[in-house]
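Here is the structure we will look at.
No lab work stands behind these numbers, since they all come straight from the coordinates. From a predicted model like this one, the values you see are computed outputs, not experimental measurements. Every residue, glycine as well, gets a Cβ built from its backbone with ideal geometry; the counts of neighbours run over all protein chains shown.
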Number of protein chains: 2
Amino acid sequence: MTAGADAPDGRRRTRGSGASTVQDVAAEAGVSPMTVSRVLSGAQHVRPELRERVEAAVLHLGYHRDENARSLRRRRSGLIGVTITNIANPYYAGLQRGIEEVAARHERRILVGNSNEDPVRERQLVGDFVGRRVEGLVVVPSGQGPATHLQPKALGGVPLVLASRAVEGVDADTVLIDDVRGAYEAATLLLREGHTRIAFLGNRVSVFTGQRRFAGFRQAHEEAGVPVVGELVRQGQQDVDSAREAMTELLALDDPPTAVFTANNRNTLGAIRAIAVAERDRSGAGGRRQTRVVGFDSFELADLSPVALSLVDHDAEELGRQAAEMLFERLEAAGEDEQQAPRLVELPVRLVEDVARL
Amino acid sequence: MTAGADAPDGRRRTRGSGASTVQDVAAEAGVSPMTVSRVLSGAQHVRPELRERVEAAVLHLGYHRDENARSLRRRRSGLIGVTITNIANPYYAGLQRGIEEVAARHERRILVGNSNEDPVRERQLVGDFVGRRVEGLVVVPSGQGPATHLQPKALGGVPLVLASRAVEGVDADTVLIDDVRGAYEAATLLLREGHTRIAFLGNRVSVFTGQRRFAGFRQAHEEAGVPVVGELVRQGQQDVDSAREAMTELLALDDPPTAVFTANNRNTLGAIRAIAVAERDRSGAGGRRQTRVVGFDSFELADLSPVALSLVDHDAEELGRQAAEMLFERLEAAGEDEQQAPRLVELPVRLVEDVARL
DNA sequence: TTGTACGCGTTATCAA
DNA sequence: TTGATAACGCGTACAA
């Protein structure tokens with residue numbers, strides 16, 4: 001103690017710095033700070049009597065070890081950074097839950113940021129996380145513009161796992177849904193049922209999953225020898241309302257589609273609404289058969305859909321768990337000399353024809 | 001520089017500690033660490049020339065300031081702790097998004113933990129967050145057992161806001177939905193329509209919102225002079241399936257209810273399923289009128305319900321925003337002498353009679 | 001078994 | 001305007 005024993009404005013050890021420290025606990029227990037540290041780390045070589053005194057002091061003072069200072073010294077923050085494009089989307093909520101579950105099992109916490117599909121925001125979040133010395137990152141990339149912020153150099157060597165979407169030019173561990181196969185199976189189902197005019201409703205073309213799902217859709221057509229009908233392909237609907245509008249337009253065509261493949265749950269919901277409304281208006285008169293829907297992703301109450309519906313189902317929590325597991329495998333392999341090449345995992349999907357069985 | 005210029009095991013400045021430090025940047029720019037710190041904090045009083053040198057060095061080294069060490073010295077972590085009972089529930093996902101939005105606006109990050117409705121886990125999470133020196137906490141309490149871990153003493157003075165549920169014996173800022181009024185209005189609607197045998201489907205009695213919603217339900221009955229029918233009250237369904245079973249039982253009664261109030265979206269979904277199935281089985285024969293449903297909470301695709309439905313709607317994101325705003329108001333008022341008493345805010349609900357207008 | 005000395009990376013304070 | 005010094009709270013290494 002050299003200087004600054006008392007601040008001139010009189011705040012000191014009352015509400016000043018707030019939390020108590022090892023020093024305080026040590027003083028209260030009549031031991032050195034080191035002994036306190038040992039007790040808190042569950043060390044073996046402490047006399048039971050001292051241990052009890054320390055534990056009593058901890059309880060008495062309501063002491064919480066400063067994990068911040070601790071991680072500074074130990075060189076591991078116990079933190080995993082997670083950026084998601086939209087947490088409010090139930091799918092990504094499940095993803096986050098999966099990540100959190102695995103992180104908790106490894107005694108880590110997650111820092112979560114919403115990128116809002118905005119690459120600039122994503123860059124800020126990742127930069128901040130790196131500054132906070134997260135031990136690893138799980139990113140659902142917004143996937144537009146250059147991804148320099150996801151390059152190893154920008155990450156300062158922090159391991160990265162991409163979830164749900166890949167990014168061109170970024171060589172990182174990646175966990176995806178088997179989008180191509182799911183879309184392929186969905187389209188094949190419709191083609192087998194005899195449909196030849198099948199509409200496609202999907203995301204913006206720039207969205208990775210959107211591209212892949214369209215690829216599967218097209219592939220199924222090629223194999224069946226049925227051409228994809230250009231005027232029935234609508235890409236760019238990011239929310240339920242625009243999907244509904246797109247479907248309504250399609251239904252109003254002179255030669256409307258007899259079936260539709262919707263490439264995500266936003267578009268499925270929009271399509272169902274449009275079809276249900278059209279149905280209601282025709283009130284069974286026209287005699288035209290109801291438009292058939294097969295959609296990617298599942299959603300609550302799907303089994304009560306007023307429209308004939310099949311779904312390509314997959315597990316968001318599992319996606320999150322896998323991503324987190326891959327990250328921790330990287331962390332554990334960090335000491336080794338030979339670094340593994342980035343891995344790509346594609347999780348299986350399940351085509352549910354009868355949605356009541358979801 | 002006294003000692004420790006080189007570790008005996010030869011790892012040093014190669015891949016050793018990994019990230020570069022202010023020291024490195026200072027050396028590279030030929031200035032003192034303090035000048036680097038000033039530049040990074042956007043300080044005014046630095047010669048442009050030096051500033052440029054520093055900025056170049058930062059870029060060159062890919063330097064990220066260590067927010068951990070920084071917060072140790074500055075005594076503010078820039079972190080807000082959030083515990084939620086179940087992130088996978090879309091409602092709480094929205095809540096989290098609201099919190100994150102406000103936190104981001106205040107340049108804070110959120111640490112998120114899933115308590116899984118488990119008080120023990122909640123206690124661990126809160127303890128860890130306090131140890132990480134979060135500046136504040138937003139908790140959706142699991143609300144069973146004693147809540148000693150939410151007492152000011154256990155929190156070491158960290159401000160707390162309870163969201164969605166209150167906790168007996170905990171005097172903290174709280175943001176709730178106006179559960180009582182919502183349930184009251186829902187029940188009143190049904191009573192006005194002439195129903196006198198109204199079922200109630202709700203949460204476990206121990207869940208705070210469940211109690212409040214039952215209170216509103218009962219109050220409406222009292223005012224209308226209609227008794228609550230005991231055999232039609234089912235509390236304890238925590239998921240869709242058990243809710244469906246409960247509703248199925250009610251429909252099988254000799255004198256089944258003509259309407260049901262469901263106290264949350266799990267129960268609403270279950271009730272709708274049960275009614276839809278019963279409907280289908282009778283296939284319009286019996287001539288009995290369809291059971292009317294009014295539910296608390298909204299959900300996707302509600303407008304396509306096969307059963308006549310009204311809902312008590314409210315905004316999860318707004319709840320999250322309000323909770324976070326209250327927290328930051330506390331933080332800003334932290335310096336002042338007089339501490340405000342804990343505040344209770346109840347957010348309004350909206351009775352949507354025609355669900356197509358949601 | 002226990003304690004002492006020092007360093008982790010940063011910034012507040014004060015002196016130049 | 002810039003730099004030296006100390007301190008934030010903790011853990012490691014080593015000495016007692």
message: I need the peptides B:250-257, B:337-344, B:119-126, A:117-124 ranked by packing, meaning the mean over residues of other C-beta atoms within 10 angstrom, with the highest value on top.
response: B:119-126, A:117-124, B:250-257, B:337-344
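Report, in debye and to the nearest 20, how large the dipole of the protein assembly as shown comes out about its Cα centre when Lys and Arg carry +1 and Asp and Glu carry -1 on their Cβ. Numbers along the way, then the final one.
Values: 90 positive and 102 negative charges, 335 e Å.
That gives the protein assembly as shown a dipole magnitude of about 1600 debye.
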message: Is there a quick way to get the dipole size of the range B:179-313? I mean about its Cα centre, with the Cβ of Lys and Arg at +1 and of Asp and Glu at -1; what is the value in debye to the nearest 20?
response: 100
statement: Shape call for the range B:100-234, from the Cα gyration tensor axes a ≥ b ≥ c (a/c under 1.5 means rounded, otherwise prolate when a/b beats b/c, else oblate), comes out prolate
field: Selected from B:GLY62, B:GLY202, B:GLY127 as most flexible by GNM, with chain B as the system and alpha-carbon contacts under 10 Å
entry: B:GLY62
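Tally Lys/Arg at +1 and Asp/Glu at -1 over every other residue whose Cβ is under 10 Å from the Cβ of A:VAL312; what's the total? Write out the running numbers ahead of the final one.
Working: positive: A:ARG181, A:ARG213, A:ARG350; negative: A:ASP178, A:ASP179, A:GLU185, A:ASP297, A:ASP313.
Overall, the nearby charge balance is -2.
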- prompt: Residues of B:86-99, mean number of Cβ from any other protein chain within 10 Å of their own Cβ, rounded to a whole number?
  reply: 6
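Between A:SER206 and A:ALA252, what's the calculated FRET efficiency when r is the beta-carbon distance and R0 is 25 Å? Round to 0.05.
On the way: r = 28 Å, r/R0 = 1.10.
Once rounded, the FRET efficiency stands at 0.35.
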query: Helix B:208-224: angle to the longest alpha-carbon principal axis of chain B, degrees 0 to 90, nearest 10?
result: 30
field: Helix-only [θ]222 nm of chain A, DSSP H runs n ≥ 4, -39500 (n - 2.57) each, per residue, nearest 500
entry: -13000 deg cm²/dmol
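Which length gain, in nm to one decimal place, applies between B:ASP337 and B:ARG105 when the Cα-Cα distance is subtracted from 0.36 nm times their residue separation? Can you show the working numbers first?
Numbers: separation 232, 0.36 × 232 = 83.52 nm, distance 2.65 nm.
The span from B:ASP337 to B:ARG105 would gain 80.9 nm if fully extended.
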field: Listed residues A:ALA224, A:GLN211, A:ILE198: farthest to the positive end of the dipole of the range A:188-239 (Cβ charges)
entry: A:GLN211
field: Degrees between helix A:90-105 axis and first principal axis of chain A (Cα, 0 to 90, nearest 10)
entry: 30
statement: With the label set 7 Å along Cα→Cβ, B:GLU52 is separated from its counterparts in the other copies, in nm and shortest first, by 7.0
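Under the classification rounded if a/c is under 1.5, otherwise prolate if a/b is larger than b/c and oblate if not, where does the protein assembly as shown fall, given a ≥ b ≥ c as square roots of the Cα gyration tensor eigenvalues? Show your work: numbers first, answer last.
Numbers: a/c = 2.40, a/b = 1.39, b/c = 1.72.
Oblate.
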statement: Magnitude of the Cβ-charge dipole (Lys and Arg +1, Asp and Glu -1) of chain A about the Cα centre, nearest 20 debye, reported as 1040
query: Out of A:ALA27, A:LEU59, A:PRO48, whose Cα points farthest toward the positive end of the dipole of the range A:22-65 (charges: +1 Lys, Arg; -1 Asp, Glu; placed on Cβ)?
result: A:PRO48
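How would you rank A:305-311, A:148-154, B:102-108, highest first, on the average number of other Cβ atoms within 10 Å across their residues? Please report the intermediate quantities before stating the final value.
Numbers: A:305-311: 20.4, A:148-154: 15.3, B:102-108: 17.4.
With the highest mean Cβ count within 10 Å placed first, the list reads A:305-311, B:102-108, A:148-154.
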Most mobile listed residue (A:ALA88, A:ALA302, A:ALA187) in chain A, GNM with C-alpha springs under 10 Å: A:ALA88
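Please compute, for peptide A:73-81, the average count of beta-carbon atoms on other protein chains lying within 10 Å of each residue's beta-carbon. Spell out each step's value before the answer.
Working: counts 0, 0, 3, 0, 4, 2, 5, 0, 1.
Per residue, the number of nearby Cβ atoms from other chains is 2 on average.
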message: I'd like the orientation of helix B:316-332 relative to chain B: the angle between its Cα long axis and the longest Cα principal axis, in ° from 0 to 90, rounded to 10.
response: 40
task: At 7 Å along the Cα-to-beta-carbon direction for both B:ASP239 and A:VAL46, put a label point, then send me their distance in nm to one decimal.
output: 4.1
